[in-house]
Amino acid sequence: MSAIRPRELLIAMLTLVVTIGLWEAVVWAFKVPSFLVPAPSAVWVEFLGKADLYAQHTWITLYETAIGFLLAMVLGILAAIAIVYSRLLQSLVYPVILVLQIVPKIAIAPLLLIWLGYGLQSKTTIALLVAFFPIVVDTATGMRAAEPELLELVKVLKGSRWQEFVKIRFPYSLPFIFSGLKVAITLAVIGAIIGEFVGGNQGLGYLIVAANYQLLTAMSFAALILLSLMGLGLFGLIVLVERLLVPWGVTEGEEIPVTL
């Protein structure tokens, strides 16, 4: 897994600066009303004027996202292990997981609010449900990708299933797990926002809904930008942890270190 090159980072930064500059120029040149599309400078002034408010609501959304993601990670990995090691559990659990994934979360969000209330539980549950599926699928795929020869060797040496899991299946599944985690963390942000849209009185999602009702477009854009930065930051954190825990990377043809 290669690191981001300085040239690529520079190009990305220049692209961002040019985009913001064009956005500002178009808004001023065509005199676009601020309630339709505010200029970046107006969004920045809005953010600076209410920095404490945005910090408070950002923390709430971040907390909901983190709790939902961590629960999805733990339950998703455990479910994947159960699916890989038990055909019966695979037959029982996998269809339920698939149905939960197919059902639109925005459709069941009102029900969760009725069952769990308008507090933290409903928001984290929606984030959990949205982030759960990719972790299960990728983890199970990774565990099944282990070399058959190595699995056979464990049987020949009369190793236990625990030894097979710790020394073979889990090391092979790590790149797949992190692949699922990178998808799941962005989905967890979406899940938390869905909960705040439907029945929240706190968080960035609530700010967006309140701003839209009052035509405070600059507030909506400020909240959306903070959401984007939050998602990028969380994604980058998962990438960093992956590089620390999976130094051998995921490039084709590399050997995955396995100890017997």
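Right, W59: touching a helix residue (DSSP H, G or I) at 6+ places or on another chain (Cβ under 9 Å), surrounded by 11 or more Cβ atoms within 10 Å (Cβ to Cβ) and without any contact (Cβ under 8 Å) to a residue 40 or more places away in the chain or not? I'd like the intermediate steps shown before the answer.
Details: touching a helix residue (DSSP H, G or I) at 6+ places or on another chain (Cβ under 9 Å): no; surrounded by 11 or more Cβ atoms within 10 Å (Cβ to Cβ): yes; without any contact (Cβ under 8 Å) to a residue 40 or more places away in the chain: yes.
The answer is no for W59.
Which of the residues that make up region 115-130 are of a type outside the set (S, T, N, Q) and either loosely packed, with under 12 Cβ neighbours inside 10 Å or part of a helix (DSSP H, G or I) (or both)?
First, the residues of region 115-130 that are of a type outside the set (S, T, N, Q): 115-120, 123, 126-130.
Of everything in region 115-130, those that are of a type outside the set (S, T, N, Q) and either loosely packed, with under 12 Cβ neighbours inside 10 Å or part of a helix (DSSP H, G or I) (or both) turn out to be W115, L116, G117, L120, K123, I126, A127, L128, L129, V130.
Output the residues belonging to region 15-28 that are farther than 14 Å from F221 by Cβ and modelled with pLDDT of 90 or more. Give the steps one after another, and end with the answer.
Taking region 15-28 first, the residues farther than 14 Å from F221 by Cβ are 15-18, 21-22, 25-26, 28.
Residues satisfying the conditions are V18, G21, L22, A25, V26, W28.
So which residues in region 226-238 are in contact with a helix residue (DSSP H, G or I) (Cβ under 7 Å, 6 or more places away or on another chain) and farther than 16 Å from E196 by Cβ, if there are any at all?
Start the filter on region 226-238 by keeping residues that are in contact with a helix residue (DSSP H, G or I) (Cβ under 7 Å, 6 or more places away or on another chain), which leaves 226-227, 230-231, 234-235, 238.
L234, F235, I238 - these are the residues of region 226-238 that are in contact with a helix residue (DSSP H, G or I) (Cβ under 7 Å, 6 or more places away or on another chain) and farther than 16 Å from E196 by Cβ.
Could you give me the residue pairs with C-beta distances under 9 Å whose first residue belongs to region 116-132 and is within 12 Å of A184 (Cα to Cα), whose second residue is not in a helix (DSSP H, G or I) wherever it lies, and which are 6+ apart or on separate chains?
Note: pairs meeting the criteria are L129/V103.
Out of all the residues in region 1-59, which are in contact with a Phe, Trp or Tyr (Cβ under 6 Å, 6 or more places away or on another chain) and β-branched (V, I, T)?
Scanning region 1-59 gives a single hit, V43.
With (1) under 26 Å from the mean Cα position of the chain (by Cα); (2) at pLDDT below 95; (3) buried (at least 20 other Cβ atoms within 10 Å of the Cβ) as the list, and P38 as the residue in question, which single condition is left unmet?
Here P38 meets the rest and fails (1).
What are the residues in region 163-194 that are more than 27 Å from W59 (Cα to Cα), basic (K, R) and surrounded by fewer than 22 Cβ atoms within 10 Å (Cβ to Cβ), if any? Steps first, please.
Filtering region 163-194 for residues more than 27 Å from W59 (Cα to Cα) gives 163-176.
When the remaining residues are screened for being basic (K, R), the result is 167, 169.
Correct list: K167 only.
Sort through E64, E24, E46 and tell me the only one that's free of Cβ contacts under 8 Å to residues at least 24 places away in the same chain and either in contact with an Asp or Glu (Cβ under 9 Å, 6 or more places away or on another chain) or surrounded by 11 or more Cβ atoms within 10 Å (Cβ to Cβ) (or both).
Details: E64 fails: free of Cβ contacts under 8 Å to residues at least 24 places away in the same chain; E46 fails: free of Cβ contacts under 8 Å to residues at least 24 places away in the same chain.
Step by step, each of E64, E24, E46 is checked, and only E24 is free of Cβ contacts under 8 Å to residues at least 24 places away in the same chain and either in contact with an Asp or Glu (Cβ under 9 Å, 6 or more places away or on another chain) or surrounded by 11 or more Cβ atoms within 10 Å (Cβ to Cβ) (or both).
Could you please find all residues in region 210-229 being part of a helix (DSSP H, G or I) and crowded, with 18+ Cβ neighbours inside 10 Å?
So the first thing to find is which residues in region 210-229 are part of a helix (DSSP H, G or I), and the list is 210-213, 217-229.
Answer for region 210-229, where residues must be part of a helix (DSSP H, G or I) and crowded, with 18+ Cβ neighbours inside 10 Å: A211, T217, A218, M219, S220, F221, A222, A223, L226, L227.
Looking only at residues that are more than 26 Å from the chain's Cα centre (by Cα) and basic (K, R) in region 142-191, which one is farthest from L234 (Cα to Cα)?
My answer is K158.
Out of A140, A146, I need the residue that is within 17 Å of I81 (Cα to Cα), outside any helix (DSSP H, G or I) and of a type in the set (A, V, I, L, M, F, W, C). Which one? Reasoning before the result, please.
Numbers: A140 fails: outside any helix (DSSP H, G or I).
It is A146.
Can you give me the number of residues within region 195-207 that are assigned to a helix (DSSP H, G or I), surrounded by fewer than 23 Cβ atoms within 10 Å (Cβ to Cβ) and not small (G, A, S)? Quick ask: steps written out before the conclusion?
Taking region 195-207 as the starting set, the residues that turn out to be assigned to a helix (DSSP H, G or I) are 195-199, 204-207.
With surrounded by fewer than 23 Cβ atoms within 10 Å (Cβ to Cβ) added as a condition, the list becomes 197-199, 206.
Applying the additional criterion that residues be not small (G, A, S) yields 197-198, 206.
Qualifying residue count, region 195-207: 3.
The values are calculated or read from the model by the stated rules, or taken from the named source; none is laboratory data. Since the structure is predicted, the reported quantities are computational estimates derived from the model, not experimental observations. Glycine also receives a Cβ, built like all others from the backbone with ideal geometry; neighbour counts cover every protein chain displayed.
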